[in-house]
1. Give T87, T51, T13 a once-over and let me know the one that is at pLDDT below 85 and among the polar types (S, T, N, Q).
2. For T81, state whether it is of a type in the set (S, T, Y) and closer than 19 Å to G35 by Cβ.
3. Here's a check for you: in segment 75-94, which residue that is within 16 Å of R25 (Cβ to Cβ) and touching a residue at least 40 places away in the same chain (Cβ under 8 Å) is most open to solvent (accessible area, probe 1.4 Å)?
4. Considering every residue within segment 62-74, establish whether at least one is open to solvent by 80 Å² or more (accessible area, probe 1.4 Å) and over 22 Å from R89 (Cβ atoms).
5. Within segment 30-58, can you find the residues that are loosely packed, with under 15 Cβ neighbours inside 10 Å and farther than 16 Å from T81 by Cβ?
Amino acid sequence: MNPTYLTPAAVRTGPVPVPVPAAVRFRAACPACRGRFELAAGALRLAIGATSRTTFYTFTCPECAASVRKPAGERIIELLTGGGVRTLRLHATP
């Protein structure tokens, strides 16, 4: 058996993307209209800041169109990132 050599073009750096099924859905509730519904990963955004006050997820309520912002703890962050939700990392300015 001949050995296979990797060329620099074949070497990847950084995190390896994990495939996420398109059918991943998250349960959510709107505090404005009290509606309960399921959202696809594309309907949510996650912002991870330096503190718990600056770590949150957002979505727009499909029933009343209210913009909703909720705090995200460690477990929520894990579920959302694992489910393919787009993430924004917030950096403190010096």
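1. T13
2. no
3. Selected residue: R86.
4. Yes, some residue in segment 62-74 is open to solvent by 80 Å² or more (accessible area, probe 1.4 Å) and over 22 Å from R89 (Cβ atoms).
5. Selection gives P31, A32, C33, R34, G35, R36, E38, A50, T51, S52, R53, T54.
The values are calculated or read from the model by the stated rules, or taken from the named source; none is laboratory data. Quick caveat, the model's predicted, so the values are computed rather than measured. Cβ sites come from the backbone with ideal geometry, for glycine too, and all protein chains shown count toward neighbours. Remember, those area values only see protein heavy atoms, side chains included, never the ligands or the DNA or RNA. Shrake-Rupley method; radii C 1.70, N 1.55, O 1.52, S 1.80 Å.
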